[in-house]
Structure formats: structure tokens, C-alpha cells
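Before any comments, here is the structure.
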Amino acid sequence: MVDSNLAPNAQVNVQTHIQTNDLGQPTGLALDHWVARTRPLRTTMTGRYCRVETLSPEVHGAQLYSAFAADNESRNWTYLPYGPFDTLDEFNQWLRTSCCGEDPLFYAIVDNKTDEAVGIASYLRIEPGVGVIEVGHIHFSPRLQQTPLATEVMFLMMQRVFDELGYRRYEWKCDNCNEASKRAALRLGLSFEGIFRQATMYKGRNRDTAWFSILDSEWPQQKAAFQRWLTPDNFDAAGVQKRSLQECF
């Protein structure tokens, strides 16, 4: 069932590409030429406004802690299963123990103008064999939120998944109570797929999980929209957009 809190035009995707086997049963389309993909790289993804580089506690820890501290009410930590952290040492310990593995694979988001880390994001639930990957652990500091950088980060991460690695599906999941995350997913062109009720729990409370995705067949249109939106002439001298991302689709 579609969540009534989502945009009116948000719909659950229905499988339409099917075939029939020798028994007359409908099945999914054959993927005769599919081969397993490789895992995401640790190389830097560079854009006009930012770069997305492998997270290093030693390089990025103090910068991230300072950037996140600008959220003096700790609102941005509410829907994350960890944090907030009271000290830099505590934060860096979490980075070292939780953010240096292969899955999740964490990246720091660095502002090209200041050369400072202003947020984090990761790939997770990485399945090269079937070409499915999730983006998550997204934490944008106030310095990153509602800026061209925030959109470019998501574009760069999608571009790696589809153009460089050839994955079939890119997922976004969030607490169904997190309206900002759901709006962001729809704004970025992901399709709402439904709610997994009582999917997990964190911080002592239940989480119903909202699912969103983009497929490889949808990516060319999405990519063109991102490129139109990110072009410099779409922003005035004050950095305000002239056309919204939705208007670029």
C-alpha cells in the first residue's frame, strides 16, 4: 500500500516485463548475458562542487565532527542508529570501529571550495552477483544541506553504480517517520516501493522501513536531469537554482 504521507504521484512499481516458460507460467525476463559485477571502488568521485572520497578518521574526523556540531539540537542524528557523540574522541572511535570496512563502504563528502569534509554517505548491502546496491548512512551537516553539493553527491554515487559498475538496481531505505528522507528520495527521482512494517528497531524504538529505488533502465533519463540541473547556468550569482530538479526531468 502506498503511504498517504508521500507525494500524490508516488506509486509502487509493478513488474511489467515478463515472459512465459514452456509450462505456460509467467516468469521474469531471462538475463542470459548477465555477469557478476565488481564491488564499488575506493577511488575518489569528483564533481564540480564536491568530491566523494574514502572516509579516513585521521583525515576527516575532526572536520566532520565540527561540521556536525553546527546542528546544535542534534536533529540530524534522530533517524540514525548511532550518535550523537559528545566528544571528538568518541566520534573518532566510532569512525574507526564502524566506518572503515567494506560493507558499509563509507565516504566523506568534501566541499571543493573549502577542502573540508561536510558530510558522509555509504554504499551498503552490496550484492555484486545480482547487481543490487543500497545508499545509506547519509548524514549531511548544515553546511551541506540544501546546497548544490548535496545533490551532486547523490548524482556521483549513482553514476558510479550504473555507469562505472553496471549494477541493475540502486536502493534507498529510511525510517518511515523520516519525512525529510522520503522527500529527498522522491526529489532525486527514486520510485517509492512500499513499507516494510516492523522491519527493525533502533535506539529502543520500532522502525517501519520505506523503500525506494532506481533501475538501470531508468538511469539515462535520471542522469540527464541531474546534468541539466547541475550545470552552472542553472544558478544565479547567489547560487540559487533557476529550475528545480523536478523541472529538469
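The values are calculated or read from the model by the stated rules, or taken from the named source; none is laboratory data. What you are looking at is a predicted structure, and each value in this text was computed from that prediction instead of being measured. Positions of Cβ are generated from backbone atoms using ideal geometry, with glycine treated the same way; all protein chains shown enter the neighbour counts. For accessibility, only protein heavy atoms count, side chains too; no ligands or nucleic acids. Shrake-Rupley method; radii C 1.70, N 1.55, O 1.52, S 1.80 Å.
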What aspartates and glutamates could a cross-link reach from Lys203, if we take a straight Cα to Cα line under 19 Å and drop same-chain neighbours fewer than 8 places away? Glu73, Asp86, Glu90, Asp175, Glu179
Local electrostatic count at Val153 - Lys and Arg +1, Asp and Glu -1, tallied over other residues with Cβ under 14 Å: +2
Please label the shape of segment 120-159 as rounded, prolate or oblate, based on the square roots a ≥ b ≥ c of the eigenvalues of the alpha-carbon gyration tensor (a/c under 1.5 means rounded; beyond that, a/b larger than b/c means prolate, else oblate). oblate
The relative contact order of segment 56-143, taking Cα pairs under 8 Å that sit 6 or more residues apart, comes to a percentage of 31
Excluding Arg197 itself, calculate the net charge of residues whose Cβ lies under 10 Å from the Cβ of Arg197, where each Lys or Arg counts +1 and each Asp or Glu counts -1. 0
Along the charge dipole of segment 21-168, which of Val135, Gly101, Gln159 sits closest to the positive end, that is, farthest toward it, with unit charges on the beta carbon of Lys, Arg, Asp and Glu (+1, +1, -1, -1)? Gln159
Charge dipole magnitude, Cβ of K and R +1, D and E -1 - segment 110-174, Cα centre, debye nearest 20: 200
Could you pull out the longest piece of the chain with no exposed loop GluC sites (Glu not before Pro) in it, calling a site exposed if DSSP puts it outside H, G, I, E, B and it has at most 14 other Cβ atoms within 10 Å? 103-249
On the protein heavy atoms, probe 1.4 angstrom, tell me the percent of accessible surface of segment 86-140 carried by carbon and sulfur. 46
Residue-by-residue Karplus 3J(HN,Hα) for segment 130-147, coefficients 6.51, -1.76, 1.60, Hz, glycine and proline x: 10, x, 10, 8, 10, 9, x, 6, 7, 9, 9, 5, x, 6, 9, 4, 6, 10
By DSSP, what percent of the beta bridges with both residues in segment 59-187 are antiparallel, rounded to the nearest 5? 75
Given charges at beta-carbon only (K, R positive; D, E negative), |dipole| of segment 49-204 in Debye: 560
Within straight-line cross-link reach of Lys113, aspartates and glutamates at Cα separation under 20 Å, skipping those fewer than 8 residues along the same chain: Glu53, Glu152, Asp233, Asp236
Note, ³J(HN,Hα) from phi for segment 234-241, Karplus 6.51, -1.76, 1.60, rounded to Hz, x at Gly and Pro: 8, 10, 7, 4, 8, x, 8, 5
For segment 48-155, run through the trypsin sites (Lys or Arg not before Pro) and keep only the ones in DSSP coil with at most 10 other Cβ atoms within 10 Å of their Cβ. Lys113
For the chain, what is the calculated [θ] at 222 nm in deg cm²/dmol (nearest 500), taking -39500 (n - 2.57) for each run of four or more DSSP H residues and dividing by its residue count? -7000 deg cm²/dmol
If you stretched the chain out fully between Val240 and Thr209, how much longer would it get, using 0.36 nm times the residue separation minus the C-alpha to C-alpha distance? 7.9 nm
Expressed in nanometres to one decimal, the distance between label points 7 Å along Cα→Cβ at Asp22 and Val59 is 5.5
Which whole-Hz ³J(HN,Hα) couplings does segment 112-119 yield from phi under the Karplus relation 6.51 cos²θ - 1.76 cosθ + 1.60, θ = phi - 60°, glycine and proline marked x? 5, 6, 9, 6, 10, 6, 10, x
